[in-house]
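K.L.:
One structure follows; several queries about it will come next.
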Amino acid sequence: MSDLPSTTEVLIIGGGVMGVSTAYHLALRGVKDIVLLERGPFFGQGATGKCAGGIRHQFATEVNIRLSLASLKMLSNFEAETGQAIDLRWCGYLFLLTREEDVAAFHRNVALQRSLGVMTEWLTGDEARRRIPLIHALSVRTRKPYVVLRKNYKPYMGETVQAETLSITTGAPQTLHLDEKDHDLVKEKRVVLVDDVISTGSTLQGMRLVLQKAGARVVAESAIFTEGERAQWENIVALGHLPVFTG
Ligand SMILES: Cc1cc2nc3c(=O)[nH]c(=O)nc-3n(C[C@H](O)[C@H](O)[C@H](O)COP(=O)(O)OP(=O)(O)OC[C@H]3O[C@@H](n4cnc5c(N)ncnc54)[C@H](O)[C@@H]3O)c2cc1C
């Protein structure tokens, strides 16, 4: 205690994430006279040390959503800014509602989030079952991270890496996007493409282009099923080939 200064411009009590972050951001803004007091033997022994490390946008109040927008931006740049790797994974954040009485409040929250530029998606049970499990299960099994290419641009994706492809359902051109935040995750990495059903191969071609532009090396291509001309898909790792009935 004798080493402590008797006066200071800023006194912060508590060496958890809030106290340390406050000290850091004040220092960044040029404040030099800061004392941080922690009663424990080490920093981060409170809630900060117990935290699961999940990050998300989906909050219920404007202030929290705005804070998450600012902090997620900082976290995506954390290693470059501080030199400390944080093993950040953009794997998404899914809330499963199991009680009818929560639905209205979550609808209100989603509307608020979207009004602030967070394009949270509302999935029905079937959509969640269809969209989440395969890639998640692969990731859990292989212990490798995954990124999802999107067919619609959302403002939170930043400067995406893009490629145009032709939609098999509408015949119209569509653009595939790699979220700016996912770019570093694939850059100079060996990646495996995973599609659901490969039919004309135009989405696959779009995926290849996006990954190529992002500096990744595609080492394998896979799908649940292929369809159409079987010989065309010899190099695709798939569970099976679907016949196409045209008559
Ligand atoms: C189990 C668990 C899981 C969590 N998971 C997540 C998650 O996934 N995502 C998320 O965003 N948040 C999560 N949280 C919440 C998150 O951890 C807290 O919101 C955050 O760590 C709070 O930081 P803090 O600095 O305010 O508090 P703390 O980390 O508790 O820090 C307060 C510090 O102040 C010190 N202190 C207290 N009184 C004094 C005093 N009089 N003098 C000196 N020092 C004092 C304490 O020793 C402590 O070190 C989780 C919390 C818990 C408990």
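K.L.:
For region 19-127, how big is Rg over Rh, using alpha carbon atoms and the Kirkwood form of Rh?
P.N.:
Computed over Cα atoms, the ratio is 1.04.
K.L.:
Antiparallel DSSP bridges in the chain: what percent, to the nearest 5?
P.N.:
30 percent
K.L.:
Let me ask another. Using alpha carbons only, how many angstrom separate the centre of region 159-206 from the centre of region 14-69?
P.N.:
37 Å
K.L.:
Note down the net charge around residue 55, summing +1 for each Lys or Arg and -1 for each Asp or Glu among other residues with Cβ under 14 Å from its Cβ.
P.N.:
Charge balance near residue 55 sits at +3.
K.L.:
While we're on this one: Work out the FRET efficiency for residue 187 and residue 108 from their Cβ-Cβ distance, taking R0 = 41 Å, and round it to the nearest 0.05.
P.N.:
0.60
K.L.:
To the nearest 20 debye, what is the magnitude of the charge dipole of the chain about its Cα centre, counting +1 on the Cβ of each Lys and Arg and -1 on the Cβ of each Asp and Glu?
P.N.:
180 debye
K.L.:
Find out how many positive minus negative residues lie around residue 164, taking Lys and Arg as positive, Asp and Glu as negative, among other residues whose Cβ is under 13 Å from that of residue 164.
P.N.:
+3
K.L.:
Could you tell me the relative contact order of region 64-159? Use alpha-carbon pairs under 8 Å, at least six residues apart, and round to a whole percent.
P.N.:
So the answer I get is 27 percent.
K.L.:
A further question on this structure: So, by mean Cβ neighbours within 10 angstrom, what's the order for 73-80, 171-178 with the highest one leading?
P.N.:
The peptides rank, most packed first, as 171-178, 73-80.
K.L.:
Once the piece of chain linking residue 70 and residue 31 is laid out straight, how much longer is it, given 0.36 nm per residue of separation minus the C-alpha distance between them?
P.N.:
This chain segment gains 11.9 nm when fully extended.
K.L.:
If I build a Gaussian network model for the chain, linking alpha-carbon pairs within less than 10 angstrom, which residue out of 14, 158, 53 has the largest mean-square fluctuation?
P.N.:
Checking each option, the largest mean-square fluctuation is seen for 14.
K.L.:
I want to verify a result. In a Gaussian network model of the chain, Cα cutoff 10 Å, which of these has the top mean-square fluctuation: 28, 72, 88?
P.N.:
28
K.L.:
So what is the relative contact order of region 133-247, in percent, for Cα pairs below 8 Å that sit 6 or more residues apart?
P.N.:
20 percent
K.L.:
From the helices alone, meaning DSSP H stretches of at least four residues, give me the mean residue ellipticity at 222 nm for the chain, per-run term -39500 (n - 2.57), in deg cm²/dmol to the nearest 500.
P.N.:
Here the helix-only value at 222 nm equals -9500 deg cm²/dmol.
K.L.:
Counting DSSP beta bridges in region 108-241, what percent are antiparallel, to the nearest 5?
P.N.:
Close to 35 percent.
K.L.:
Extending each Cα 7 Å along its Cβ direction at residue 115 and residue 81, get the distance between those two points in nm, one decimal.
P.N.:
2.8 nm
K.L.:
Here's a follow-up. Mind putting a number on the dipole of region 54-131 about its Cα centre? Charges go on the C-beta only, +1 for Lys and Arg and -1 for Asp and Glu, and I need it in Debye to the nearest 20.
P.N.:
Dipole magnitude for region 54-131 comes out near 120 debye.
K.L.:
Using a cut-off of 29 Å between alpha-carbon atoms, which lysines can reach residue 213, once sequence neighbours fewer than 8 places away in the same chain are excluded?
P.N.:
Those lysines meeting the cut-off are 73, 144, 151, 154, 181, 187, 189.
None of the figures in this text is laboratory data; all of them are computed from the coordinates on show. What you see is a predicted model; the values in this text were computed from it and never measured. Counting neighbours? That spans all protein chains shown, and the Cβs are built from the backbone with ideal geometry, glycine included.
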